[in-house]
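Beneath this line is the structure, given in C-alpha cells, with notes to follow.
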Amino acid sequence: MFRKVLIANRGEIALRVIRACRELKIATVAVFSQADRDSLHVRLADESVCIGPAAAAQSYLHIARLISAAEVTGADAIHPGYGFLSENAHFAEVCASSGFTFIGPTPEMIRRMGDKAEARRTMLEAGLPVVPGSPGVLESVDEACSLAKQIGFPVIIKAAAGGGGRGMRVAWDEKSLRTSFGIAEAEARSAFNNPALYLERYVACPRHIEFQLFGDTHGNLIHLGERECSVQRNHQKLIEESPSPFLSPEQRVRVGELAVRGARSIGYLNAGTMEFLFDQDGSFYFMEMNTRIQVEHPVTEEVTGLDLVKEQILVAAGERLSMMQEEVEWRGHAIECRINAEDFTMGFRPSPGTITYSYKPGGPGIRVDSHIYAGYTVPPYYDSMIGKLIARGKTREEAVRRMEMALDEMIIEGIHTTLAFHRMALQHPRFRAGDLDTHFVEELLRKPPPAEAGRSAPVPTVANPLAPAPATESSTDGAVGERPTAPAARRSGSRKRARA
Ligand code: MV4
C-alpha cells in the first residue's frame, strides 16, 4: 500500500481524497495555489506545498510543479481528483515515468476514451448501441452532408477531442450543416488544438443516464449501477440521483451488462463512467466514457455502501476490488444537489467572495461534502462549485423530503448560492414525478412552480445568533454583515509546509 499520496486538486474533492487516505492510514500531501492558502484541504492534509500563483495554468495544471511537489515530499502516488489533469493522458504518463502511481486508468485508456470518435467506434465494436452516425472522424463537409442525408436530419456534430458537451452543434438541414461544420472545425482547432469532428443523429429530448464502472488489476470489472444526470444547464449538472426513476430493473441489468462488456473490451482499470443517452421511447445509446472519479460519485456510494475513492486507491495499489458483481447490493435512493457560488437569478453568474456565516445541515441520511466554512473566501479563479448536499432515503420520496429539509437548514451568507434554485427545482411537479430530461432546467427557469406549492413546511427564517446583521443567503452583496469570526486557528503549527 502507498505510504503517502499527493492530491493534485483543491476544494471538496481534495478533502474527499484526504478522508479516504486517512481511513487507509496513508499520509497526504496537499498542493495549493497562492489563492488557496486558507483552503481547508491545506489544513487537513499532513503536509502542503504551494505550487504557484492563482491561475490554474500556473498551479493545478502545471505538471512540472506537481511532480516537483511529489518529489520533495516523497509521495508514492498522485490522486488527480476530477477536472484539472484528471483526464490528461500526458500527465498520467509523466507521473509513471517519474516513479509515481497515477491513481486512475492507464494513459492509453485515458487517451483512447478521450478521443470521443474512437471511443464510439470501440464501443460499437464491443457490441454497444451507438447513435447512427459517422464510423469515425469526418474527412470533409461533403462526407458529413451525404451521411446526414442517409441517417436523416437533424444531426449533431461533435469535436472528437471535446466531450461533456463542449464543441457540439446541431444542424437541421444541409445548409446549416455546411455552416456549422466550418464553425465547429475552427472552434475545435482553437479549443482543443484538434479540428477532428464526428457526426450523429440528433436525439431531441434525451435523458442522460450514466453507469459507474470499476476495474482492478486482477481481472474484476464491475458496475455499480446508474446515476440520472438529466438535471443540468449548459452541460453543467445541477442535481444527480441514483437509481434513475426512468430505468426498469430489466433495463438496469441489460445496460449494466453492456457497460461492463464495453469497459472489459479495453481492459479498463480503476473508476470510470459510461454515459448513455436514453430516448423517450426507451432506446439508449453509448455517448462517451469518463476516465475519472466524478463529482456525483457520492450518490453511488450512498446506495451501494462502497467508498469509491478508497476503492480507487486500493485498486491503484494493486489490490482487489472489495466486492464482486454478485455482492453489490443497491439500497434505497440518493440525491445530490451541487451548491455553486452563483446567482441563478442572474443567469447563474459566479458570485465569489467571503462567506460571512455558514451552517451545514445534518440528521439521518444527510451528507455534506464541502470545503466551505464561515470566513472562507471563495476565489474567483476556479469552478464555482463550493459543495454538494447529498440526501439518502429508503425511497425516492424520503430522499427528496430529506433533501428539502437539508436545503432549508443549510445557511450560506455573504455570497449567492444555488441553494434557492434547488429548493425551487425539488418542488416542480416534473421533478416530483421523476419526469426528467435534459430540457427540465430550461423549463423550470421559464415557468417556476407556484411558490411553496406542495411544500410540507414553510422555509424557516433561521435566526443566526452569530451574524451581526440578519442577512440571508440571497442577499445581494458580499458586504452584508461582518465576518463574524475569523477561521479558528489559522494554521496547524504541527503540519509541515514545503515549497516546490
Ligand atoms: C447528444 C445529444 C443529442 N443527440 N448526442 C451533451 C454532452 C455530451 N456528452 C453529449 N451531449 C449530447 N449529445 C446526440 N446524438 C444531446 C446532448 C445533450 C445533452 C446530453 C446529456 C445531458 C445534457 C445535454 C444537453 C444538451 C445536449
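The values are calculated or read from the model by the stated rules, or taken from the named source; none is laboratory data. Owing to the predicted nature of the structure, the values given are computational and were not obtained by experimental measurement. Positions of Cβ are backbone-derived with ideal geometry, glycine not excepted, and every protein chain shown enters the neighbour counts.
Tabulated data
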quantity: Test: residue 316 is of a type outside the set (S, T, N, Q) and closer than 25 Å to residue 39 by Cβ; calculated: yes
quantity: Helices (runs of 4 or more DSSP H) lying entirely in the range 38-119 (those with 2 or more residues that are under 12 Å from residue 7 (Cβ atoms) and among the aliphatic types (A, V, I, L, M)); calculated: 40-44, 63-73
quantity: Within the range 141-156, considering residues that are touching a helix residue (DSSP H, G or I) at 6+ places or on another chain (Cβ under 8 Å), away from the ligand (no atom under 15 Å from the Cβ) and not charged (D, E, K, R), the one nearest to residue 113 (Cα to Cα); calculated: 141
quantity: Listing of strands (runs of 3 or more DSSP E) fully contained in the range 299-414 that carry 3 or more residues being under 18 Å from the mean Cα position of the chain (by Cα) and of a type outside the set (S, T, N, Q); calculated: 333-340, 366-370, 385-393
quantity: Residues (within 16 Å of the ligand (Cβ to nearest atom) and either free of Cβ contacts under 8 Å to residues at least 40 places away in the same chain or more than 25 Å from the chain's Cα centre (by Cα) (or both)) located in the range 201-222; calculated: 201
quantity: Of all residues making up the range 274-294, the number that are touching a Phe, Trp or Tyr at 6+ places or on another chain (Cβ under 7 Å) and polar (S, T, N, Q); calculated: 1
quantity: From the options 400, 441, residue that is out of contact with any Phe, Trp or Tyr (no Cβ under 6 Å at 6 or more places or on another chain), surrounded by fewer than 21 Cβ atoms within 10 Å (Cβ to Cβ) and within 20 Å of residue 240 (Cα to Cα); calculated: 400
quantity: Cβ pairs under 6 Å, 6+ apart, first in the range 1-24 and closer than 16 Å to residue 378 by Cβ, second acidic (Asp, Glu) and not in a strand (DSSP E or B); calculated: 10/36
quantity: Selection status of residue 62, free of Cβ contacts under 8 Å to residues at least 24 places away in the same chain, surrounded by 18 or more Cβ atoms within 10 Å (Cβ to Cβ) and out of contact with any Lys or Arg (no Cβ under 9 Å at 6 or more places or on another chain); calculated: yes
quantity: Residue satisfying all of: in the range 226-257; among the small types (Gly, Ala, Ser) and touching a residue at least 12 places away in the same chain (Cβ under 8 Å); nearest to the ligand (Cβ to nearest atom) among these; calculated: 230
quantity: Scan of the range 180-223 for residues that are among the hydrophobic types (A, V, I, L, M, F, W, C), modelled with pLDDT of 95 or more, within 30 Å of residue 421 (Cβ to Cβ) and out of contact with any Leu (no Cβ under 7 Å at 6 or more places or on another chain), ordered by number; calculated: 211
quantity: Conditions (1) without any contact (Cβ under 8 Å) to a residue 40 or more places away in the chain; (2) in contact with a Ser or Thr (Cβ under 6 Å, 6 or more places away or on another chain); number of the one not met by residue 402; calculated: (2)
quantity: Residue tally, condition polar (S, T, N, Q), within 16 Å of the ligand (Cβ to nearest atom) and buried (at least 19 other Cβ atoms within 10 Å of the Cβ), over the range 283-332; calculated: 3
quantity: Residue within the range 198-207 that is touching a Lys or Arg at 6+ places or on another chain (Cβ under 7 Å) and of a type in the set (Ser, Thr, Tyr) present; calculated: yes
quantity: Members of the range 157-200 found to be of a type in the set (Lys, Arg), under 19 Å from residue 289 (Cβ atoms) and either away from the ligand (no atom under 13 Å from the Cβ) or in contact with a Gly (Cβ under 8 Å, 6 or more places away or on another chain) (or both), listed by number; calculated: 158
quantity: From the options 420, 433, 425, 406, residue that is surrounded by fewer than 19 Cβ atoms within 10 Å (Cβ to Cβ), under 22 Å from residue 345 (Cα atoms) and not hydroxyl-bearing (Ser, Thr, Tyr); calculated: 420
quantity: Test result for residue 266, under 25 Å from residue 161 (Cβ atoms), of a type outside the set (Gly, Ala, Ser) and more than 22 Å from the chain's Cα centre (by Cα); calculated: yes
quantity: Enumeration of residues in the range 183-200 that are touching a residue at least 60 places away in the same chain (Cβ under 8 Å) and either surrounded by fewer than 18 Cβ atoms within 10 Å (Cβ to Cβ) or of a type outside the set (A, V, I, L, M) (or both); calculated: 198, 200
quantity: Residue within the range 128-141 that is crowded, with 18+ Cβ neighbours inside 10 Å, touching an Asp or Glu at 6+ places or on another chain (Cβ under 6 Å) and outside any strand (DSSP E or B) present; calculated: yes
